[in-house]
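For reference, the structure is listed below as structure tokens.
The values are calculated or read from the model by the stated rules, or taken from the named source; none is laboratory data. Note that the structure is a prediction, hence the values are computed from the model and not measured. Cβ: placed from backbone, ideal geometry, glycine included. Neighbour counts: every protein chain shown.
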Amino acid sequence: MAEYKLTTPLSDDDIIKLKAGDKVLLSGVVYTARDAAHMRIVESIKKGEELPFDPKGQVIYYVGPSPARPGKPIGSAGPTTSYRMNPFAPILIELGQKGMIGKGKMSDEVKEACVKYKACYFASIGGAAAVVGKAVKKAEIIAYPELGPEAVRRLEVEDMPLFVCYDAHGNDLYEIAKKEWANKL
Amino acid sequence: MSEIRNVSVKDIEEAIYKLALDAAYHIPEDILEAEKKAYENEKSETAKKVLETIFENIQVSSEEEFPLCQDTGLGIIFMEVGQDVHFTDGYIIDAINNGVERAYKDGYLRKSSCHPLTRANYGNNLPAIVHTFVVPGNKVKLIFDAKGGGSESMSKVQMLKPADGRAGIVQTVVDWMIQAGPNPCPPTIVGVGIGGDFERAAVMAKHATLRHVGQPSDDPELADMEQEILTKINNSGIGPAGLGGLTTALAVHIEMQPCHIATLPLAINTACHVNRHKEIEL
Ligand code: SF4
């Protein structure tokens, strides 16, 4: 298993070399969006409206951070459970989104979209939110401020530790890891 | 019989305020201990790395800058009220809600309560969910449980058939936790409620997650079942954060009470690896 340092936006070449199980330290801009924001973004896509950001090459982090203390860009910011974004991810991947960051399983449709359009689902450690919060250097709300923790934020991250979970070759780290460690007690 | 005792709801509000802040930033000792023990027993390198990150997270959080998890939960309160307690200075539920609201504001905790249909965020994390039990005496015991949505979503109530019996219960819990996989932020503490009725089973299951981690049930039959389920869950290979390993659950805790001759209610409530809960007696 390899370890890569990547900076957003990501290209097809960045994605193709990644294999499920690889470690990635991600830097650059990532956008936050959860359930409510995804509903609005997909609604805007259907209506042909302008989006809060152009998904091409971008990575979306499924997170609803806790409020920032004075002098800090953000509070704790670990991943939320990703399956709730199953209906939305393939739509955005088709528009050029290159990565999702979250925790937990996603659907077969998401896996297929990752293969077809060269994208990658990165797993982060749920509940390690204080540690991840520290990797965020800047944060700015760019859309839907009324959604509170669910607003869309533009984050600048440095060396955010991630695992490649679904790669662009159809592999699934959760399945591989589970098989490897089953019935070992 | 104890003497009637006045308890000011102002003291309850203050207690809830402190418990909520404490829970958000400081992991319960028993959970940290169980995680350290799991670390020693782990054979997967990745699992060890994940647990190291969890330990680092616990340390960063207790330095008061970042809550343990960004999902600081809804406030669930288990309140045991002695029947000789007389509350003064206001309405007890208002006081609990005030304590929660103030703590989530002052502590920079995330407000997660929303309208179920419009999903509009109320911005105050209210209302708290209060389970009240009347007990003998004149004391008040409060358990504050900051329950996150990820693990809560991996919970369920199922009305089994009486014929499903012990084997059916074991199978249902194990299958459910394996299906939940990485979603509820393993290593988890699995609370199981057996019997009672539909909603009592659910309350028992959640209450069971708050037991001292790994302390077996007093009932040897249940203790045996807890161990069997735990071994089966940990043989799934899911591991910490779902990235593979021997530690998918830290413990299985079962509570049980009698049920109707026609029913076998079963509830599973999953608590994640931060399992934030704190208690006090007033
Ligand atoms: S399940 Fe627990 S650790 Fe995971 S995100 Fe939710 S509150 Fe945090």
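Overview of values
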{"read-out": "Single match in B:T72, B:T132 (criterion: among the β-branched types (V, I, T), under 26 Å from B:A267 (Cα atoms) and touching a Lys or Arg at 6+ places or on another chain (Cβ under 7 Å))", "value": "B:T72"}
{"read-out": "Among residues of segment A:161-184, those that are within 12 Å of chain B (Cβ to nearest Cβ) and outside any helix (DSSP H, G or I), counted", "value": "9"}
{"read-out": "Single condition A:I142 does not satisfy, out of (1) facing chain B (nearest Cβ under 9 Å); (2) hydrophobic (A, V, I, L, M, F, W, C); (3) over 21 Å from A:I15 (Cβ atoms)", "value": "(1)"}
{"read-out": "Residue match in segment B:100-121 (condition: out of contact with any Pro (no Cβ under 8 Å at 6 or more places or on another chain), assigned to a helix (DSSP H, G or I), among the hydrophobic types (A, V, I, L, M, F, W, C) and facing another protein chain (nearest Cβ under 9 Å))", "value": "no"}
{"read-out": "One residue from B:G239, B:G191, B:G195 being more than 16 Å from the ligand (Cβ to nearest atom), touching a helix residue (DSSP H, G or I) at 6+ places or on another chain (Cβ under 7 Å) and among the small types (G, A, S)", "value": "B:G195"}
{"read-out": "Criterion: closer than 15 Å to B:L282 by Cβ and either among the acidic types (D, E) or more than 16 Å from the ligand (Cβ to nearest atom) (or both) - qualifying residue of B:V157, B:V140", "value": "B:V140"}
{"read-out": "Residue selected from segment B:32-59 under the condition basic (K, R) and under 13 Å from B:P187 (Cβ atoms), by the criterion nearest to the other protein chains (Cβ to nearest Cβ)", "value": "B:K48"}
{"read-out": "Which listed residue, of B:K49, B:K37, is out of contact with any Lys or Arg (no Cβ under 7 Å at 6 or more places or on another chain), at pLDDT below 95 and in a helix (DSSP H, G or I)", "value": "B:K49"}
{"read-out": "From the options A:V115, A:V131, residue that is crowded, with 21+ Cβ neighbours inside 10 Å and in a helix (DSSP H, G or I)", "value": "A:V131"}
{"read-out": "Among the candidates A:A119, A:A113, A:A123, residue that is at the interface with chain B (Cβ under 9 Å from one of its Cβ atoms) and touching a helix residue (DSSP H, G or I) at 6+ places or on another chain (Cβ under 9 Å)", "value": "A:A123"}
{"read-out": "Close pairs from segment A:83-110: first in a loop (DSSP other than H, G, I, E, B), partner of a type in the set (K, R), Cβ under 6 Å, at least 6 apart", "value": "A:G96/A:K56"}
{"read-out": "Selected residue [surrounded by fewer than 24 Cβ atoms within 10 Å (Cβ to Cβ), more than 16 Å from the ligand (Cβ to nearest atom), of a type outside the set (V, I, T) and under 29 Å from B:A47 (Cα atoms)] from B:D106, B:D164, B:D175", "value": "B:D175"}
{"read-out": "Pairs where the first residue, in segment B:60-74, is in contact (Cβ under 8 Å) with a residue 12 or more places away in the chain and at the interface with another protein chain (Cβ under 7 Å from one of its Cβ atoms) and the second is surrounded by 20 or more Cβ atoms within 10 Å (Cβ to Cβ) and part of a strand (DSSP E or B), C-beta under 7 Å, 6+ apart", "value": "B:L68/B:R276; B:T72/B:A146"}
{"read-out": "Verdict on B:F133 being in contact with a helix residue (DSSP H, G or I) (Cβ under 6 Å, 6 or more places away or on another chain), in a strand (DSSP E or B) and over 30 Å from A:M39 (Cβ atoms)", "value": "no"}
{"read-out": "Cβ-Cβ under 6 Å pairs, at least 6 apart or on other chains, segment B:139-151 side touching a residue at least 40 places away in the same chain (Cβ under 8 Å), far side more than 6 Å from the ligand (Cβ to nearest atom) and hydroxyl-bearing (S, T, Y)", "value": "B:A146/B:T72; B:G150/A:T81; B:S151/B:T270"}
{"read-out": "Residues within segment B:180-214 that are assigned to a loop (DSSP other than H, G, I, E, B) and touching a residue at least 60 places away in the same chain (Cβ under 8 Å), tallied", "value": "12"}
{"read-out": "Search result, residues across segment B:236-269 that are in contact with a Lys or Arg (Cβ under 9 Å, 6 or more places away or on another chain) and among the polar types (S, T, N, Q)", "value": "B:S236, B:Q257, B:T263, B:N269"}
{"read-out": "Candidate set from segment A:69-106 (those that are away from the ligand (no atom under 15 Å from the Cβ) and in contact with a Phe, Trp or Tyr (Cβ under 7 Å, 6 or more places away or on another chain)); member that is farthest from the other protein chains (Cβ to nearest Cβ)", "value": "A:E94"}
{"read-out": "B:Q215 within 14 Å of another protein chain (Cβ to nearest Cβ) and either more than 22 Å from B:N41 (Cβ to Cβ) or away from the ligand (no atom under 16 Å from the Cβ) (or both)", "value": "no"}
{"read-out": "Residue that is nearest to the chain's Cα centre (by Cα), among those in segment B:61-87 that are within 12 Å of the ligand (Cβ to nearest atom) and either among the small types (G, A, S) or not in a strand (DSSP E or B) (or both)", "value": "B:G73"}
{"read-out": "Enumeration of residues in segment A:43-68 that are loosely packed, with under 15 Cβ neighbours inside 10 Å and either more than 14 Å from chain B (Cβ to nearest Cβ) or assigned to a loop (DSSP other than H, G, I, E, B) (or both)", "value": "A:S44, A:K46, A:K47, A:G48, A:E49, A:E50, A:D54, A:K56"}
{"read-out": "Residues that are surrounded by fewer than 20 Cβ atoms within 10 Å (Cβ to Cβ), of a type in the set (A, V, I, L, M) and more than 16 Å from the ligand (Cβ to nearest atom), drawn from segment B:128-137", "value": "B:V130, B:V134, B:V135"}
{"read-out": "So B:K111, is it within 16 Å of the ligand (Cβ to nearest atom), crowded, with 16+ Cβ neighbours inside 10 Å and more than 18 Å from the chain's Cα centre (by Cα)", "value": "yes"}
